[in-house]
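Report on the structure given below.
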Ligand SMILES: NC(=O)c1ccc[n+]([C@@H]2O[C@H](COP(=O)([O-])OP(=O)(O)OC[C@H]3O[C@@H](n4cnc5c(N)ncnc54)[C@H](O)[C@@H]3O)[C@@H](O)[C@H]2O)c1
């Protein structure tokens, strides 16, 4: 079967943990080229994934007529220029989040995509997570979302946040949450109100044009032992809860009997797969067990560093939709499938909400988002578009 020929530009941490193995095991895509500034890394990944085309200059990848699409997984400051050049070279683009640091920068990609007629997916992959696909459909089938709550809490302030600096969790992490809450609410955000006592520890209230509200608890001061994400939604009547992508429960939704569904995890091929079966059989309790075991191992200073470093990356053991997003990208390229993953316009909207939340945090006042009062060219419930093949 014909497969979409993808090149990965930027083969660092995320590409190695997700995009490279996910493309390799996709039934719709193949890894046609690798590009990174680091030649040693390229050499070793080229061997590992048996990819002959390894380039340090992305322009060579963009000029290659055998490449259908590029996955841009470089750091944030290069997303806009690389995406625009790739579109101008006639490539479909999957670009990591955040699309850019400001809405103005994101708008450049919106223009470039329109001119190109190609597809852009922004890596806000939660829209493709199986638990969230089901949750959204349940909300739509039961009168729509009225009141949402999202907790995203981890150890950003003590660990991975050092790379981004204080106060920047909003830009690098919350873009995912602003996007997925728009997806669940099936509406645009009209107003943002953010209050916080210290950096990277915020309460944010979103009000949607539909009247739905969403409350976000975001903290970089939590613990490894608490699962990172928790979502609750009130529909027209009744509720649903999703625990860390692993378990979905409904309570009194009018058009569906109460249900409990477990979602198996998403494992890296280099790591063991024990958790996949445990999540599928036991759901959330298995995840709690797994996290506390792993936290205990990580805290075990008796373990040599080399051993500790071999421990699986827990954050990626739950299915946040990375594989499905790549498969969907390939399906769009190959078959002109209708896009449901986040587009460049969603990247722009997430950036507008981020900018408003940062402004609200500073001024301690609600901030309106005026641009979203204008109609989205891809309105929500029919939020799909056809890309010519
Ligand atoms: N969607 C998600 O769940 C998720 C998770 C983690 C990171 N991310 C995003 O993925 C992106 C990459 O993050 P990371 O942690 O992998 O970063 P990283 O620094 O580990 O990797 C980036 C790689 O890009 C390469 N690079 C930089 N400029 C280049 C260029 N011009 N041409 C070719 N290669 C170039 C670097 O050499 C490096 O290997 C970031 O935007 C981050 O926000 C997304």
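The values are calculated or read from the model by the stated rules, or taken from the named source; none is laboratory data. Computed from a prediction, not measured in an experiment: that's the story for all the values here. Cβ sites come from the backbone with ideal geometry, for glycine too, and all protein chains shown count toward neighbours.
For segment 18-37, a residue qualifies if it is in contact (Cβ under 8 Å) with a residue 24 or more places away in the chain and within 8 Å of the ligand (Cβ to nearest atom), and the qualifying residues are 18, 35, 36. Checking each residue in segment 93-118 for being more than 9 Å from the ligand (Cβ to nearest atom), touching a residue at least 60 places away in the same chain (Cβ under 8 Å) and under 17 Å from the mean Cα position of the chain (by Cα) picks out 94, 99, 100, 101, 106.
Return yes or no: is residue 337 assigned to a helix (DSSP H, G or I), modelled with pLDDT of 95 or more and in the same structural domain as residue 97 (by TED's automatic domain parsing)? Spelling it out, it is not the case that residue 337 is assigned to a helix (DSSP H, G or I), modelled with pLDDT of 95 or more and in the same structural domain as residue 97 (by TED's automatic domain parsing). Contact annotation: residue pairs with Cβ atoms under 7 Å, 6 or more positions apart or on different chains, pairing a residue in segment 284-299 that is in the same structural domain as residue 244 (by TED's automatic domain parsing) and assigned to a helix (DSSP H, G or I) with a partner that is at pLDDT below 80 and crowded, with 17+ Cβ neighbours inside 10 Å, are 291/314; 294/314. If you filter segment 1-17 down to residues that are in a loop (DSSP other than H, G, I, E, B) and more than 10 Å from the ligand (Cβ to nearest atom), you find that the one that is surrounded by the fewest Cβ atoms within 10 Å (Cβ to Cβ) is 1. Reported count of residues in segment 59-75, each being out of contact with any helix residue (DSSP H, G or I) (no Cβ under 8 Å at 6 or more places or on another chain) and either farther than 11 Å from residue 8 by Cβ or more than 13 Å from the ligand (Cβ to nearest atom) (or both), is 6.
Condition check ((1) buried (at least 18 other Cβ atoms within 10 Å of the Cβ); (2) in contact (Cβ under 8 Å) with a residue 60 or more places away in the chain; (3) within 28 Å of residue 24 (Cβ to Cβ)) across all residues:
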| residue | (1), (2), (3) |
| --- | --- |
| 204 | yes, yes, no |
| 217 | no, yes, no |
| 243 | yes, no, no |
| 253 | yes, yes, no |
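Checking the condition within 14 Å of the ligand (Cβ to nearest atom) and under 25 Å from residue 348 (Cβ atoms), which residue from 78, 56 passes? Unique residue meeting the criteria: 78. Taken residue by residue, segment 303-315 has at least one member that is outside any helix (DSSP H, G or I), at pLDDT below 95 and either within 19 Å of the chain's Cα centre (by Cα) or outside the structural domain of residue 211 (by TED's automatic domain parsing) (or both).
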